[in-house]
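The values are calculated or read from the model by the stated rules, or taken from the named source; none is laboratory data. Quick caveat: nothing in here was measured; it's all calculated off a predicted structure. Virtual Cβ from ideal backbone geometry, glycine too; neighbours counted across all protein chains shown. Only protein heavy atoms, including side chains, enter the accessible area calculation; ligands, DNA and RNA are left aside. Shrake-Rupley method; radii C 1.70, N 1.55, O 1.52, S 1.80 Å.
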Amino acid sequence: MLRVYEIFRSIQGEGTMMGVPTAFVRLEGCNLRCRWCDTKFAYEGGREMEIEDIVSTVDKFGLMEVCITGGEPLMQDVMPLVQTLLSKGYHILLETNGSISISDYLLDGVMISMDWKVPSSGESDGMLLDNLVHLRPTDQIKFVVENPDDLAYIAKFLNDVDIKAPAVVQPVGGLNLEWLVDAVLTNGMNVRVMPQLHKFIWGEERGV
């Protein structure tokens, strides 16, 4: 049983899987309160669903990519859902904020998308450093940035820590890219600058 806020199909709007048709399972709750969070609506208001009912809903979409997101999905025991989806041949993108251990989820068919918090979020002190050694080249680490100070933090962070996963940076709000591109090029940072594609298409509309 999991507390689910919504299940829907769309395209993946962020990161290295951007544009791929995907089934989304958004779980209720988050242990962080980022200042510019764009999914505050999912802090509460979900409903309890059996694993079988979640998977049945996903099956109806006819898509083989599934994104388990939140909130923070690892606040709940999502392993039964992950295992059931994997047994049916689904590929899973597991989105997590970096504050809870990912060690149990380093499975074939599971891509970890870690949204590491920078100072402007107000939650950068809540990250679990041990998670970084687990990230694989098939995973990704994302940084949502608001200002040049955030970029300076990321540049030092990536210089100090050996991370095997590709690093993605995107602006708060997902759309204002010009200043971020200029700053990344000026500082010679080895990151991918990416927007939030779904916000270009649908703005702040939910369930898309």
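A few remarks follow.
- FRET efficiency for the pair Met79 and Glu178, taken as 1/(1 + (r/R0)^6) with r the Cβ-Cβ distance and R0 = 30 Å, rounds to 0.10.
- Spin-label model, Ile100 to Leu86: label points 7 Å out along the Cα-to-beta-carbon direction sit 1.7 nm apart.
- Charge dipole (the chain, unit charges on Cβ, about Cα centre) - positive-most of Gly207, Ile112, Ser99: Gly207
- Listed pairs Lys117/Lys156; Lys88/Lys164; Lys88/Lys117; Lys142/Lys164 exceeding 21 Å between Cα atoms: Lys88/Lys164; Lys88/Lys117
- Percent carbon-and-sulfur accessible area, the chain, ignoring ligands, DNA and RNA, probe 1.4 Å: 50
- For the stretch 1-110, applying the loop criterion from DSSP together with a ceiling of 15 other beta carbons within 10 Å to the trypsin sites (Lys or Arg not before Pro) yields Arg33, Arg35, Lys60, Lys88.
- log₁₀ of I(q)/I(0) at q = 0.14, 0.15, 0.20, 0.21 Å⁻¹ - the stretch 118-208, Debye sum with one point per alpha carbon: -0.54, -0.62, -1.04, -1.12
- Cα gyration tensor shape of the stretch 56-175, rounded if a/c is under 1.5, else prolate or oblate by comparing a/b with b/c: prolate
- Remark: the Lys156-Arg35 segment gains 41.3 nm on full extension, using 0.36 nm per residue and subtracting the alpha carbon distance.
- Viscosity 1.567 mPa s, 4 °C: Kirkwood-radius Stokes-Einstein D of the chain over Cα pairs, µm²/s: 75
- Counting DSSP beta bridges with both ends in the chain, the antiparallel % (nearest 5): 30
- Protein heavy-atom accessible surface, 1.4 Å probe, per residue over the chain: 46 Å².
- Distances between placed amide hydrogens fall under 5 Å for Tyr5 paired with Arg26, Leu27, Glu28, Arg47, all partners being 5 or more residues away or on another chain.
- Along principal axes, Cα extents of the stretch 10-99, largest first, whole Å: 37, 29, 21
- When the Gaussian network model of the chain links Cα atoms closer than 10 Å, the mean-square fluctuations of Val25, Val168, Val184 top out at Val184.
- Sorting the Cα pairs of the stretch 155-208 by distance into bins of 10 Å, from 0 upward, gives 22, 43, 26, 9 percent per bin.
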